[in-house]
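Notes follow the structure.
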Amino acid sequence: MDRQPAEAPGLLARTVRESPSADARLHALWTLEGLGKVSIGRSRPGGMRLGFPSGHTAAAAAFYPMACYFFEDVVRRWVKYALYALAAVLIVLVALSRMVLRVHWPLDVVGGAVLGVTIALLLLAIARRRSVRLRRAG
């Protein structure tokens with residue numbers, strides 16, 4: 001059931017109640033990214049620092065779907081789908097920019113996208129579980 005846009009003021013309250021800690025999200029992303037870079041040991045194009053997975057792509061793939069989630073219940077259904085499509089386009093653009101700038105190999109950005117999407121899916125599952133518990137309790 002879609003809520004009307006007039007209920008948007010409740011968005012902040014929902015965000016505070018349901019969202020996993022932003023600090024936890026960032027620490028999970030940075031930790032897994034760092035472990036990937038050290039364990040794989042693949043250098044970037046031009047022999048710079050370690051490059052697998054791409055941190056920028058991982059961050060984009062973790063952030064944009066989570067941002068869309070918080071608008072799911074306060075926008076119309078077609079807007080929700082448009083937001084998720086926009087998130088996918090932005091993730092692809094970030095990934096492409098890393099390759100165009102020649103700071104990552106294609107597999108680096110694929111690895112970053114997989115890492116980011118995995119973290120986003122885990123956090124979305126946690127947020128939905130909290131939401132169900134809060135609805136049952138209140």
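Every read-out reported here was derived from the displayed coordinates using simple, explicitly stated rules and does not represent laboratory data. All values reported here derive from a predicted model rather than from experimental measurement. Cβ: placed from backbone, ideal geometry, glycine included. Neighbour counts: every protein chain shown.
Side notes on the structure shown:
- Residues of segment 94-110 that are in contact with a Ser or Thr (Cβ under 7 Å, 6 or more places away or on another chain) and not β-branched (Val, Ile, Thr): Ala95, Arg98, His104, Asp108.
- Ala85 being loosely packed, with under 14 Cβ neighbours inside 10 Å, farther than 21 Å from Gly55 by Cα and among the small types (Gly, Ala, Ser): yes
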